[in-house]
Every structure is written in C-alpha cells, then in structure tokens.
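A short write-up of the structure that comes next.
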Amino acid sequence: MSLNVAVQMDPVEKIAIAGDTTFALMLEAQARGHKLSYYTPDKLSLSDGRVIAEAAPIAVRDVAGDHFTLGEAKPVDLAEVDVVLLRQDPPFDLAYITSTHLLELLPPETLVVNDPASVRNAPEKLFVMQFPQLMPPTLITRDKKAIEAFREAQGEVVMKPLYGHGGAAVFKIARKDPNFGSLYDMFAATFREPFVVQRFLPAVSLGDKRIILIDGVALGAVNRVPAENDIRSNMVRGGAAAATEFTPREKEICETIGPELKRRGLVLVGIDVIDGNLTEINVTSPTGIRAIKRLGGPDLAVAAWDAIEAARSARLSRAPTRAFDEKRTHDGKEADSPRILSPRSALEPDRNV
C-alpha cells in the first residue's frame, strides 16, 4: 500500500548522500512506491490546532551532485500524512525541542518516526545514563571541583558538551593536565548546560562501534576507527569505517536496552560502544546504515521500512476514535473512497469542505 511520507530534515542539497541514512530511507521509501515530500524544520507552523509544513514533493536518485528533484512547495496539513520521518540533525536545542512539541500534536493515525515525545525525553548523552551498568564511569556536571575529583579518581578522562554532536569539542584530559583550567573556562563560557566527563577508554584507537537497532533489535554494525592523532572516531572527523561483528558483550548491551527503545517508539536508533562500554544512545537522526551496507552488511533501510509499515498498520488497528463519512462530497462531487478523520476533526467542523 502506498503511503504519503513527509521527511523533516536538513537542507537536502547539502547532504553527503554516500553516508546519509535519511537519504537511504528516502530511496527505499520511493522504491516501495511511497509518495515523498520534503521540508526543513523552519517550515513548520501551528495554526488553529493544525500542524502545517510548507513541503515539496521530492524524487531522489543515488547520483552524487544530482540526487533530487523538487516539485512546488505547498502548505501540507501533516495530519493528512501517513508517516513523518523526524530526521533533522542536532544540535538538540530549543528549536529542535519545539519541533517535537509540534509533531506531538498530530493525531495517532500519523506515525512520527522516531516518536517526537520520546526523542525529546531521551537526549542522547542523558538517556544513556539510565544504564550505568553498561557504561564507563561518567560524570555530568559543570562543577569544577567535582570534575577535578573525578579526574583524580579515574585518571585520563574525556570532556565534551552535553548537547554536542559529530565529535565537536571532545577533549582528552590527563589526571595532571596544565590545560585543564583554560579548557574548563572555555567550556563554562561557551556552554550553559553541564558537561559530560567520562573515563578515557584507550581501546578507542581500535574503533568506536556504531550499532543500529531497529524496533529494539540490533541488526547491523560498523566499526569507526579514529584517524591518526585523534581520539574522535566520527566519520565526519576523519574516522574510517570497517566491517565488524557483534561481541557477546555488545549483544548483552543491545538485549538490555532494546525493550526500552521499543516501548518508547524509538524505531531507528544508533548506539556507540567502545571496548564493550556503551557511551551514547543516538535517537535524533542516527546514521550508519549506508556504511553497513557498503561493507557487506544488510540493507537496514529495508528493515527500517518493514518496521515503519508494521508500526503504522498496528497504529491504525488500535486508533481510539475514527469517523468514516462514506458520502462526503468535495466541490459537489462524491468522494471516491471513505475518508479517515482524526479524533479532532471528528468533533470539529471540517474546514476542508
């Protein structure tokens, strides 16, 4: 069955399609016959209880430099869309949070992936703290004395901003480090939030594994190896992707967190594991599925859409209130098929008639 899919993402003309998971999801949706539209988060509006996006039909193709064609952008009531892919990249700031509040207002018939309330309530470096038994020793604070005591206890540490992304502003600090005072002052002046301070894991030189979970089940992984003289393994920072397998410890981590991810409606999640230690749970716009496929792994865009289609079918089957008007007319003509009305529109006048 063809679905109407709206994709909320960063500017499509700026993405690097070779490694972009959102683009892979769009290619697979198109291959299945789903109708795609595209908009950036600044094009969202809330008017009279309706969430509107200035969205354009989009066709995609796997050709670098010529990867999309856009139609004319028009206002789209997202309540009339089957699936919204929430795929804009961090920073996870108030603009991002506001977009989750708006998408949360959509009726249950519109499936948002990942669930906007769960995305909002699972900031990536805080959500992971619910599983301390799976993590290296970690401190979240902006208190200088607390950081100094943690360094004294743990030795070498990594300090990074709580809402950072893409490996930006990640620093390794020694137990006795003459740069710490200046680095702390820079963080305190730059970031209002607490910082993440974590025991340094030397095995990061062998790789930081990105594992993709779909509907709570680990289905693929890629090992990201840092460039020489860098502790950051992010591929946007020069990390190299390598094929890998799951270790028993990594399977244990995924089996522990998987049920909670599924419960929260976090369909597509990427976690980061270093030497058997869970360091982040990425729920905003996790990437990695193109690298996994390129290295001989499964095509997880297929698995993701299987899960999305199943979730929407399940959502429709248990929708609490639905009204069918089999004789609704539009512009004096009888409708071709029954129209599903949201709980809101079942109680209010239909402004589209």
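The values are calculated or read from the model by the stated rules, or taken from the named source; none is laboratory data. Worth saying up front: this structure is predicted, and the values here are computed from it rather than measured. Positions of Cβ are backbone-derived with ideal geometry, glycine not excepted, and every protein chain shown enters the neighbour counts. Just so you know, the surface numbers come from the protein's heavy atoms only, side chains and all, with ligands and any DNA or RNA stripped out. Shrake-Rupley method; radii C 1.70, N 1.55, O 1.52, S 1.80 Å.
In the range 94-194, which strands (runs of 3 or more DSSP E) lie fully inside it and hold 1 or more residues that are open to solvent by 40 Å² or more (accessible area, probe 1.4 Å), in contact (Cβ under 8 Å) with a residue 12 or more places away in the chain and among the hydrophobic types (A, V, I, L, M, F, W, C)? Reasoning before the result, please.
Numbers: elements: 111-113, 138-141, 157-161, 171-173.
Output list reads 138-141, 171-173.
Provide a single number: the residues in the range 22-41 that are more than 18 Å from the chain's Cα centre (by Cα), aliphatic (A, V, I, L, M) and open to solvent by less than 40 Å² (accessible area, probe 1.4 Å).
Of the residues in that region, 1 qualify.
Check 16, 29, 53, 24 and return the single one that is within 25 Å of residue 282 (Cβ to Cβ) and without any contact (Cβ under 8 Å) to a residue 12 or more places away in the chain. If you could, list the steps in order and put the result at the bottom.
Numbers: 29 fails: without any contact (Cβ under 8 Å) to a residue 12 or more places away in the chain; 53 fails: without any contact (Cβ under 8 Å) to a residue 12 or more places away in the chain; 24 fails: without any contact (Cβ under 8 Å) to a residue 12 or more places away in the chain.
Only one candidate passes the filter, namely 16.
Tell me, please, whether a residue that is under 17 Å from residue 52 (Cβ atoms) and over 13 Å from the mean Cα position of the chain (by Cα) can be found in the range 127-141.
Keep residues of the range 127-141 that are under 17 Å from residue 52 (Cβ atoms), which gives none.
No.
Which ones in the range 59-93 are in contact (Cβ under 8 Å) with a residue 60 or more places away in the chain and open to solvent by 50 Å² or more (accessible area, probe 1.4 Å)?
80, 89, 91, 93
Can you find even one residue in the range 97-117 that is of a type in the set (A, V, I, L, M, F, W, C), out of contact with any Asp or Glu (no Cβ under 7 Å at 6 or more places or on another chain) and more than 20 Å from residue 53 (Cα to Cα)?
No - not one qualifying residue is present in the range 97-117.
Identify, by number, the condition in (1) within 15 Å of residue 282 (Cβ to Cβ); (2) at pLDDT below 95; (3) not hydroxyl-bearing (Ser, Thr, Tyr) that residue 175 doesn't meet.
For residue 175, the failing item is (1).
So if I check each of 60, 128, 84, which one is within 15 Å of residue 8 (Cβ to Cβ) and at pLDDT 95 or above?
On the way: 60 fails: within 15 Å of residue 8 (Cβ to Cβ); 128 fails: within 15 Å of residue 8 (Cβ to Cβ).
After applying the criteria, what remains is 84.
Could you tell me whether any residue of the range 21-33 is charged (D, E, K, R) and closer than 17 Å to residue 75 by Cβ? Spell out the reasoning first.
Filtering the range 21-33 down to residues charged (D, E, K, R) leaves 28, 32.
Subset that is closer than 17 Å to residue 75 by Cβ: none.
Scanning the range 21-33, I find no residue that is charged (D, E, K, R) and closer than 17 Å to residue 75 by Cβ, so the answer is no.
Kindly indicate whether residue 19 is outside any strand (DSSP E or B), open to solvent by 10 Å² or more (accessible area, probe 1.4 Å) and closer than 20 Å to residue 214 by Cα. Walk me through how you get there before you give the answer.
Numbers: outside any strand (DSSP E or B): yes; open to solvent by 10 Å² or more (accessible area, probe 1.4 Å): yes; closer than 20 Å to residue 214 by Cα: yes.
In short, yes.
Can you tell me which residue in the range 195-217 is modelled with the lowest pLDDT, limited to those that are open to solvent by less than 30 Å² (accessible area, probe 1.4 Å) and under 16 Å from residue 245 (Cα atoms)? Walk me through how you get there before you give the answer.
So the first thing to find is which residues in the range 195-217 are open to solvent by less than 30 Å² (accessible area, probe 1.4 Å), and the list is 195-198, 200-201, 203-204, 207-214, 216.
Adding the requirement that they be under 16 Å from residue 245 (Cα atoms) leaves 207-213.
Working: 207: 91, 208: 94, 209: 96, 210: 96, 211: 98, 212: 98, 213: 98.
Per the criteria, the residue is 207.
Tally up the residues in the range 42-57 that are under 20 Å from the mean Cα position of the chain (by Cα) and either surrounded by fewer than 18 Cβ atoms within 10 Å (Cβ to Cβ) or at pLDDT below 95 (or both), please.
Total meeting the criteria: 2.
Could you count how many residues in the range 208-223 are touching a strand residue (DSSP E or B) at 6+ places or on another chain (Cβ under 7 Å) and in contact (Cβ under 8 Å) with a residue 60 or more places away in the chain? Don't jump to the end; show me each part of the working.
The first filter runs over the range 208-223 and keeps only residues touching a strand residue (DSSP E or B) at 6+ places or on another chain (Cβ under 7 Å), leaving 208-214, 218-223.
Next, only the ones that are in contact (Cβ under 8 Å) with a residue 60 or more places away in the chain stay: 208-212, 214, 219-222.
Number of matching residues: 10.
Having 3 or more residues that are buried (at least 18 other Cβ atoms within 10 Å of the Cβ) is the bar; report the strands (runs of 3 or more DSSP E) wholly within the range 236-307 that clear it.
Details: elements: 240-242, 268-274, 277-282.
So the answer is 268-274, 277-282.
Considering (1) buried (at least 20 other Cβ atoms within 10 Å of the Cβ); (2) under 19 Å from residue 156 (Cα atoms); (3) of a type in the set (A, V, I, L, M), say which one residue 231 fails and leave the rest.
The failed condition is (1).
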